[in-house]
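Step one of this worksheet: look at the structure below.
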Amino acid sequence: MASTLTRVLLLNERDNVAVAIRALRSGEEVEVRGRRLAVVDDIPFGHKLAVAEIGTGEGVIKYGELIGRATSPIGSGRHVHVHNVVSGRLPG
Amino acid sequence: MEQLTGYPRPDGRWGVRNHVLVLPLHSAASLAAERSAEGLAGAASVGHQWEGIEGDPDQERIASTLAGFAANPNCFATVLIGIRREDTAIAKAAVRRGGRIHLVAMADHRGTAGTVAAVRPLLERLLAEASLTQRRPMPISGLVLGLECGGSDALSGITANPALGVASDLLVAAGGTSILAETPELIGAEHLLAARAATPEVGRRVLEVITGFESAIRDLGVDVRGAQPTPGNQAGGLTTIEEKSLGAAKKGGDAPVAGVLGFAQPPERPGLQIMDTPGHDIEQMVGMVAGGANLAAFTTGRGTPTGSAITPVLKIATNTAIYRRLEGDIDLNAGAILDGEESLESMGRLIYRRLLEVAAGELTSSERRGNREFAISRTVSPMTAFSG
Amino acid sequence: MSVTLRGRRRRDGRLGARNHVLVLPSVVCANQTATLIGSEPGAVAVVHQHGCGQVGDDVAHTERAFLGSATNPNVGAVVVVSLGCETIQGRRLARLIERGGQRVAFVGIQQLGGTFKTVDHGRLAVGRLRAELEADGLVEAGLEELVLGIAADGATRAVRELAEAARIAGASVVLAVPEGARGDWEGAPVIGYGQAAAAGISVVEQAGEGTEQHLALAGAGAQVIVSLRGPGRAPQGFATGPVLAVAGDPGIYAALEDDFDLDGSSAGAEDVWRRVISVFNGEQTASEKRGARDFVLHRIARTM
């Protein structure tokens, strides 16, 4: 599935987040959809980074499906997690 | 592939193990159950905390769990330890569900010590009888596979779960049964499952069960963010319940959904079944085993050593780091997919092959360690139930 | 009859009737590992089915229950066994126990790399803590240092008489009765789950029913528990403390005589009270003799 150079996985063409399959450091570059993307935050292994701008209230898409909504604007290359995403189904 | 073998049971089901189980019907019988089985090879016991206090609104659910567990086809026979000899309802239900059941009442033996003294010779006799039964050629349709994920991380939905989904599809295609459960961990994926329902009625039930659990949680009016996803899930990169669910549902592969089962309810037909259980790893496993699962596959991202007293549980790591770190606790490494060593397809075939080997008698890591976690699953908060 | 207590003087000043090292899993997934650690001499491992998939007040309630059992004066030290990804985080629980003045060691399965490494670390910790326990010297003390727990289905005459006998002798009494069954103690001071018993007679809230009450009473600091169940109820104990099980009717007593301590139909409050003192001072109860490790938690919400 992954070559040794792969650092992020985009699971579905519709997705606006990708999964880091190794820990990424701020300032690194990764390749997504054939384009270079600058990593803004440190992204731990298994965590997500935005591969497009996601506005407040917009859906976060992974596996081609809705996994929650952004609670603040998320820039491309930023860490996407509980600090800026809320579940649409079981919010706190 | 070699011929699958197992133990035929009188009701037509098949066991892949031949345990003699000692199961308490009351919390006060747990110690007697444990002591009775201690040191006897082939005897298994579990303990629990249920007291069956009058008016328990979960009485029926719990009785059905205990009866189904006792009647699991991996048991050659089961000794139930109750308090009074008149309390026969669970034993009768276990017999109706195909179990070979002996009931011993503590009140006939003045307490724990006398009960243990009475049960041990009975166990020795049953174990001797069990040792005379031989494995026989078994059809794949005799397998009922419980699917589980626990201690999930963001890789669960990318490596181990979809690979297990491939294995589940192979089993279903060969005439076997798979059980997908963990209802709260299907919230956000129910539309995908309902779309695969074999009949409109099954599709309706899928939506009903999953959204029903969701409203039950909402009705609690509490913040569930620390529980779903769990702290470990969040540390592993899972952000919301939808994200966890979409990954969890991949264990069920792409097969049509053949039926929807209540907690601990046995499937009526082969194929992929959805069982309504909590996400709690142990409650879920007990529910599936009580429903007749004679084999289980359990994917884990953070690593967890749990097993079942009577059903072999194959542990599959989602990433290589945790597989190496907890190697003695985990059987297979689906992290090989990310490492470029396996494809989803080849990993799925490998899991399927290993499951058949385990069914044929190979011990899993949790069986070797003797893991036998057990839990009673409730639907009603005891406080609400008992405060009147 | 001696009315003087002999027990272990704990660092926080309380008196322990027993000197256990408790091996406490923070989650059901660590049960087997805890059991293997608990096979070390001098340790008592408990198993339970909680710590994961819990929500709301139920999480704090469970944490209070674990903390209460771990800081009961009958326990001199605790080994917390964690999986790592659970709702009731083991490391946080160990910190809370330490802050409660208790000796504690922490082992984590995911952190240490599997069951066997965790068992090795846990067993070493038991040995180390066992040696440290000797610092809590055996001392004599008066009855005012006794906290008697009474677990009951309701405010029966037997409960009233035992509570009064203990109160008059100077002991503190803490009662666990189901909500709505407090009877005479409707106006008695109520202590929150996990809070220390008040002087005189107090009632612990959210104690639940049946054996669940033992954990609530341990959390209030009870060194000895008397179980005064109604007719027909089976006798149970508690993992890290003595429980005097009094049968609710002669029939159940005759049927399960070995597992009961007293028959409530013939033993009066004075008989029970005398046994409480000798049990505090080392006489083993039936549940201790048979090795019962009952540890039942009253949950206040369903599992996720």
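Readers should treat all values here as calculations from the given coordinates under stated rules, not as data from a laboratory. On a predicted model such as this, the values are computed, not experimentally measured, just so you know. Glycine also receives a Cβ, built like all others from the backbone with ideal geometry; neighbour counts cover every protein chain displayed.
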#### Entry: Positive-pole candidate from B:GLY99, B:SER366, B:HIS280, dipole of chain B, charges at beta carbon
B:GLY99
### Message
Rg over Rh of chain C, using C-alpha atoms and the Kirkwood radius, what does it come to?
### Response
0.96
### Task
May I have the extent of the alpha carbons of chain B along their three principal axes, as whole Å values ordered from largest to smallest?
59, 56, 42
### Message
How long are the semi-axes of the equivalent ellipsoid of the protein assembly as shown, defined as square roots of 5 times the Cα gyration tensor eigenvalues? Whole Å, largest first.
### Response
45, 31, 23
### Query
What average count of beta carbons from other chains do you get within 10 Å of the Cβ of residues in B:183-193?
2
### Rounded Å value of the spacing that divides the Cα centres of region C:142-161 and region B:309-371
53
### Summary
Between the alpha carbon centres of region B:107-125 and region B:18-35 the gap in Å comes to 11
### Task
Evaluate the charge dipole of chain B about its Cα centre and quote only its size in Debye, nearest 20, assuming +1 on the Cβ of each Lys and Arg and -1 on the Cβ of each Asp and Glu.
1020
### Message
For C:GLY208, what residues show an amide H to amide H distance below 5 Å, using hydrogens built from the backbone and excluding near sequence neighbours?
### Response
C:GLU179
## Note on the structure
At 10 °C in a medium of viscosity 1.306 mPa s, chain A has a Stokes-Einstein diffusion coefficient, with Rh taken as the Kirkwood radius over alpha carbon pairs, in µm² per second, of 121
### Query
When you count, for each residue, the other Cβ atoms within 10 Å and take the mean per peptide, how do B:283-292, B:27-36 rank with the highest first?
B:283-292, B:27-36
### Task
Give the percent of DSSP beta bridges with both residues in the protein assembly as shown that are antiparallel, rounded to the nearest 5.
30
### Message
What does the net charge come to around B:SER245 if you take all other residues with beta carbon closer than 12 Å to its beta carbon, with K and R at +1 and D and E at -1?
### Response
-2
### Calculated FRET efficiency for the pair B:ARG324/C:LYS289, C-beta based, R₀ 56 Å, to 0.05
0.75
### Summary
Checking A:ALA23, A:ALA50, A:ALA70 against a Gaussian network model of chain A (alpha-carbon springs below 10 Å), the top fluctuating residue turns out to be A:ALA23
#### Entry: Check: chain A dipole with +1 on Lys, Arg Cβ and -1 on Asp, Glu Cβ, in debye
120
### Task
Find the Rg to Rh ratio for region B:204-274, where Rh is the Kirkwood radius over alpha-carbon pairs and Rg uses the same atoms.
1.02
### Summary
Listed residues B:PRO57, B:PRO267, B:PRO229; largest mean-square fluctuation, Gaussian network over chain B with Cα springs below 10 Å, found at B:PRO57
### Summary
Of the listed links B:LYS250/C:LYS117; A:LYS48/B:LYS315; B:LYS92/C:LYS289; B:LYS92/B:LYS251; A:LYS48/B:LYS251; B:LYS92/B:LYS244, those spanning more than 30 angstrom between alpha carbons are B:LYS250/C:LYS117; B:LYS92/C:LYS289; B:LYS92/B:LYS251; B:LYS92/B:LYS244
### Query
Plugging the Kirkwood radius over Cα pairs into Stokes-Einstein for region B:140-369, at a temperature of 37 °C and a viscosity of 0.692 mPa s, what D comes out in µm²/s?
192
#### Entry: region C:239-288-region B:200-221 distance, computed between alpha-carbon centres (Å)
48
### Query
For region C:143-290, what's the relative contact order in percent, using C-alpha pairs closer than 8 Å and at least 6 residues apart?
22
### Query
Taking each full run of DSSP H in chain B as one helix, which ones are at least 15 Å long along their axis (Cα atoms) and have mean Kyte-Doolittle hydropathy of at least 0.0?
B:59-70, B:112-132, B:160-173, B:200-220, B:344-359
### Query
Around B:SER366, with a cut-off of 10 angstrom between Cβ atoms, what is the net charge of the other residues, counting Lys and Arg +1 and Asp and Glu -1?
0
### Message
Tell me whether region B:19-132 comes out rounded, prolate or oblate; compute the Cα gyration tensor, take square roots of the eigenvalues as a ≥ b ≥ c, and use a/c under 1.5 as the rounded threshold.
### Response
oblate
### Dipole magnitude of region B:19-132, debye to nearest 20 (Cβ charges: Lys/Arg +1, Asp/Glu -1, about Cα centre)
360
### Message
Relative contact order of chain C, please, whole-number percent, based on alpha carbon pairs below 8 angstrom and at least 6 residues apart.
### Response
20
### Query
Taking each residue of C:107-118 in turn, how many C-beta atoms of other protein chains fall within 10 Å of its C-beta, and what is the average?
5
### Message
Sequence gap at least 6, Cα distance under 8 Å: using those rules, report the relative contact order of chain B to the nearest whole percent.
### Response
21
### Query
When the helix-only estimate is applied to chain B (DSSP H runs of n ≥ 4, each -39,500 (n - 2.57), divided by the residue count), what is the mean residue ellipticity at 222 nm, nearest 500 deg cm²/dmol?
-11000 deg cm²/dmol
### Query
Around C:GLY101, with a cut-off of 10 angstrom between Cβ atoms, what is the net charge of the other residues, counting Lys and Arg +1 and Asp and Glu -1?
+3
### Summary
The answer for C:VAL23, listing residues at least 5 apart or on another chain whose modeled amide H is closer than 5 Å to its amide H, is C:VAL44, C:ALA45, C:VAL46, C:VAL79
